[in-house]
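The values are calculated or read from the model by the stated rules, or taken from the named source; none is laboratory data. Note that the structure is predicted; figures quoted are calculated from it, not measured. Cβ: placed from backbone, ideal geometry, glycine included. Neighbour counts: every protein chain shown.
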Amino acid sequence: MLRHAEGTFAASPRIAALPRFRPQWTVARGMDELYTQYKAHGLTLDELAGAKYLRIKQIQKLMNEGRLDGSLRWRAAVAGGRS
């Protein structure tokens, strides 16, 4: 059994297969690294929440531009020129 701050839960077969495994990374450390790298590369919240990084936003953008139809297929007029 593994212990968690909110209780105890059974280990998955994968975890049980690695009894000596001790993770060296935490969620907090991962978040800190992402934040640091985003800042270092000048990534803004608007950019991160935009069509470049969120697939659904890109699909909505293409639909709004008339490049995709309601079934997410390329419209005939742009079928050869999609990017």
(message) Take the residues in segment 1-27 that are surrounded by 10 or more Cβ atoms within 10 Å (Cβ to Cβ) and assigned to a helix (DSSP H, G or I); name whichever of them is modelled with the highest pLDDT.
(response) A16
(message) For segment 28-53, which positions are of a type in the set (A, V, I, L, M, F, W, C) and exposed (fewer than 13 other Cβ atoms within 10 Å of the Cβ)?
(response) A28, M31, L34, A40, L45, L48, A49
(message) Of the residues L34, L43, only one is without any contact (Cβ under 8 Å) to a residue 60 or more places away in the chain and part of a helix (DSSP H, G or I); which?
(response) L34
(message) Taking the conditions exactly as written (of a type outside the set (V, I, T), under 30 Å from R75 (Cα atoms) and either in contact with a Pro (Cβ under 7 Å, 6 or more places away or on another chain) or modelled with pLDDT of 85 or more (or both)), does Q58 satisfy them or not?
(response) yes
